[in-house]
Amino acid sequence: MDKFEELKLKAKEEAEKITSLKIIGDVKAKFIGKNGEITALLRGMKDVPAEMRAAFGKQVNDLKEKVSAIFEKKESELKAAETEMKFQKEAVDITLPGKLPEIGSLHPLNIVKNKIIDAFTGMGFEIFEGPEIDTDYYCFQALNIPKDHPARDMQDTFYINDNVLLRPHTSPGQVRTMENKKPPIKILSPGRVYRADDDASHSPMFHQIEGLVVDKGVSLCDLKGLLDEFVKVIFDKDTKTRFRPSYFPFTEPSVEVDVSCCKCGGKGCSLCKNTGWIEILGAGVVNKKVLEMSGIDSDVYSGLAFGLGIERITMIKYGISDIRTLFENNVSFLKQFNRR
Ligand code: DAH
């Protein structure tokens with residue numbers, strides 16, 4: 001009986017010392033495995049006197065059950081501790097702010113383009129998009145720029161052959177519209193244009209928006225009114241416009257339109273080169289020859305037209321000094337325009 005008690009205590013002691021589930025099986029086997037001490041007791045049954053054998057066998061089996069229970073208890077304690085550790089390791093701090101998913105933003109050129117389109121569609125303009133590869137006729141001749149006319153030097157054009165070219169401006173949109181639509185006409189023609197030009201303020205590919213209004217009694221006053229309204233939407237409500245005489249073969253009279261500097265409000269700063277004004281677009285009253293060439297009776301109808309560069313307006317609006325930053329797709333630059 002002492003031997004039984006001793007074995008039980010020994011099993012208890014050894015079980016207590018176990019710190020890992022990995023060795024528990026081995027320690028347990030030392031007692032109740034095939035070669036364990038308690039198993040050996042059963043094997044020694046044959047030496048027990050016959051009348052005591054039954055009682056002895058019962059005692060050994062009791063002991064075996066008790067020792068087995070000791071190890072089972074230990075095993076479940078270790079398992080629980082291990083699970084607890086795992087939970088702690090993988091714990092998530094639910095009080096931390098969540099990670100926001102990355103959301104893209106519109107490119108600054110699209111932001112400005114959309115604003116311009118909004119401003120004019122609000123005044124009843126429709127959108128017309130023409131082809132980027134166009135003919136000499138639509139890009140020049142129908143705009144009163146005959147072959148070999150010096151005004152062709154105003155644009156450094158990429159020619160594909162003598163007759164086909166990458167449009168150097170969106171003005172052919174005027175001609176295509178007038179050929180297909182009867183007045184009243186009120187269209188906006190946005191799109192890519194191409195010129196052999198490349199420096200901090202010129203890009204071989206850039207974007208323009210053309211505007212054309214043809215109706216009875218349209219005059220330079222209407223142009224002034226339209227553009228006054230437009231600049232207030234694009235810049236701010238105190239922005240003023242100024243017309244300066246200019247020359248374009250497709251308009252007569254022609255003007256360059258300046259806006260009061262959006263940075264200094266007209267006092268003079270580096271952006272406006274101390275003049276208080278910034279040039280933003282070309283415009284004018286549509287040349288009668290242009291109306292006639294596209295089949296519109298210039299004795300009945302008159303028109304006004306304007307053309308602006310989206311890059312130029314974007315650079316002025318956001319204070320961007322190099323046009324190339326608009327095409328580099330540098331994410332840190334573009335993220336500044338995320339309006340979330
Ligand atoms: N097509 C001209 C350019 O690219 C811009 C322009 C000026 C368009 C006057 C017009 C206009 O419609 O009336 O420089």
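The values are calculated or read from the model by the stated rules, or taken from the named source; none is laboratory data. Note that the structure is predicted; figures quoted are calculated from it, not measured. So basically every Cβ, Gly included, is an ideal-geometry build from the backbone, and we count neighbours across all protein chains shown. Remember, those area values only see protein heavy atoms, side chains included, never the ligands or the DNA or RNA. Shrake-Rupley method; radii C 1.70, N 1.55, O 1.52, S 1.80 Å.
Give the residue list of trypsin sites (Lys or Arg not before Pro) in the stretch 42-104 that are DSSP loop and have at most 13 other beta-carbon atoms within 10 angstrom.
When the trypsin sites (Lys or Arg not before Pro) of the stretch 42-104 are filtered for loop state and at most 13 Cβ neighbours within 10 Å, K99 remain.
Tell me, what ³J(HN,Hα) does each residue in the stretch 68-77 have, in order and in whole Hz, if you take phi through Karplus 6.51 cos²θ - 1.76 cosθ + 1.60 with θ = phi - 60° and put x for Gly and Pro?
Going residue by residue, I get 4, 5, 4, 6, 5, 4, 4, 4, 5, 4 Hz, with x marking Gly and Pro.
Subtract the Cα-Cα distance of Q88 and F327 from 0.36 nm times their separation in residues, and report this length gain in nm to one decimal.
81.1 nm
Can you give me the solvent accessible area of L226 with a 1.4 Å probe, rounded to the nearest 10 Å²?
Its heavy atoms expose roughly 20 Å² to the probe.
Mind scanning K34/K74; K182/K237; K216/K289; K182/K289; K237/K289 and naming the pairs with a C-alpha gap bigger than 27 Å?
Beyond 27 Å: K182/K237; K237/K289.
Just need the relative contact order of the chain here, percent rounded to a whole number, with Cα pairs under 8 Å and 6+ apart.
Computed over the chain, the figure is 15 percent.
Simple spin-label model, 7 Å along Cα-to-Cβ: K335 to L21 in nm?
In this crude label model, K335 to L21 measures out at 4.3 nm.
I117 to T95: FRET efficiency via 1/(1 + (r/R0)^6), r the Cβ-Cβ distance, R0 41 Å, to the nearest 0.05?
0.35
How about the stretch 75-175: which chymotrypsin sites (Phe, Trp or Tyr not before Pro) there lie in a loop by DSSP and see at most 15 other Cβ atoms within 10 Å?
F158
Is the shape of the chain best called rounded, prolate or oblate, per the rule: a/c under 1.5 gives rounded, else a/b larger than b/c gives prolate, else oblate, with a ≥ b ≥ c the square roots of the Cα gyration tensor eigenvalues?
prolate
Roughly speaking, what is the centre-to-centre gap between the stretch 116-155 and the stretch 10-85 when only Cα atoms are used, to the nearest Å?
97 Å
So how strong a dipole does the chain carry about its Cα centre when Lys and Arg Cβ are +1 and Asp and Glu Cβ are -1, to the nearest 20 debye?
Roughly 1400 debye, rounded to the nearest 20.
Could you order D136, D215 so the one with the most accessible surface comes first? Probe is 1.4 Å.
Listed by decreasing accessible area, they come as D215, D136.
Once label points are set 7 Å from the Cα along Cα→Cβ at both D197 and D156, what is their separation, rounded to one decimal in nm?
In this crude spin-label approximation the distance works out to 0.9 nm.
Can you list residues from other chains, or at least 5 along the same chain, whose modelled amide H is less than 5 Å from the amide H of G266?
Hits under the 5 Å cutoff: C261.
V164 versus K66, label points 7 Å from Cα toward the beta carbon: distance in nm?
Going by the 7 Å Cα→Cβ label model, 10.3 nm.
Filter the GluC sites (Glu not before Pro) in the stretch 261-340 to those in DSSP coil with at most 15 other Cβ atoms within 10 Å of their Cβ, and list the result.
Sites meeting the loop and neighbour criteria: E328.
Take T275, project a point 7 Å from its Cα along the Cβ direction, then tell me which residues of the stretch 286-312 have their backbone nitrogen under 20 Å from it.
Residues 306-312 fall inside that zone.
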